[in-house]
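**Student:** The structure is given below, and queries will be raised subsequently.
Nothing in this text is a laboratory measurement; each read-out follows from the coordinates by a stated rule. For clarity, every value in this text was computed on a predicted model and none was experimentally measured. Neighbour counts run over all protein chains shown; Cβ positions are idealised from the backbone, glycine included.
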Amino acid sequence: MPYTPAPAPLPCPRCQGDTFRIPRNLLDRLISRFVLVHRYRCHSLRCGWEGRVRVSAPALRKASKSA
Ligand SMILES: [Zn+2]
């Protein structure tokens, strides 16, 4: 599966800087069985924010079209 970097959907809630997607951990994967979530991290090392971002329902429907 080719990795396509998506544009950051949100500014960092701590410093309003750019964020980027990082691989999900085990807990995130478990949660994604019920609610699709992505994990993001702030570009700023000094900020260091990292968090789970819920993917909206329309995006989920589109992603599961072939299922
Ligand atoms: Zn930040």
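**Student:** For the pair CYS15 and VAL35, how long in nm is the line joining their label points, each one 7 Å along Cα→Cβ?
**Tutor:** Distance between label points: 2.7 nm.
**Student:** Rounded, prolate or oblate: which fits region 8-56, taking a ≥ b ≥ c as square roots of the Cα gyration tensor eigenvalues, rounded meaning a/c under 1.5, else prolate when a/b beats b/c? Let's see the in-between values first.
**Tutor:** Values: a/c = 2.90, a/b = 1.90, b/c = 1.52.
Taking the square roots of the gyration eigenvalues as a ≥ b ≥ c, region 8-56 is prolate.
**Student:** With +1 on the Cβ of every Lys and Arg and -1 on the Cβ of every Asp and Glu, and nothing else charged, how large is the dipole of region 8-56 about its Cα centre, in debye rounded to the nearest 20? Spell out each step's value before the answer.
**Tutor:** Numbers: 10 positive and 3 negative charges, 29 e Å.
Dipole magnitude for region 8-56 comes out near 140 debye.
**Student:** Could you order the peptides 14-22, 44-52 from most to least packed, using the average number of other C-beta atoms within 10 Å per residue?
**Tutor:** Values: 14-22: 14.3, 44-52: 12.7.
In descending order of packing, they fall as 14-22, 44-52.
**Student:** Sort LEU30, LEU36 by Cβ crowding within 10 Å, fewest neighbours at the top.
**Tutor:** Working: LEU30 11, LEU36 17.
Fewest-to-most Cβ neighbours within 10 Å comes out as LEU30, LEU36.
**Student:** Another one. If R₀ is 30 angstrom, what is the calculated FRET efficiency for the pair ARG46 and ARG24, using the beta carbon separation as r and rounding to 0.05? Don't skip to the answer; put the middle values down first.
**Tutor:** On the way: r = 24 Å, r/R0 = 0.80.
Between ARG46 and ARG24 the formula returns 0.80.
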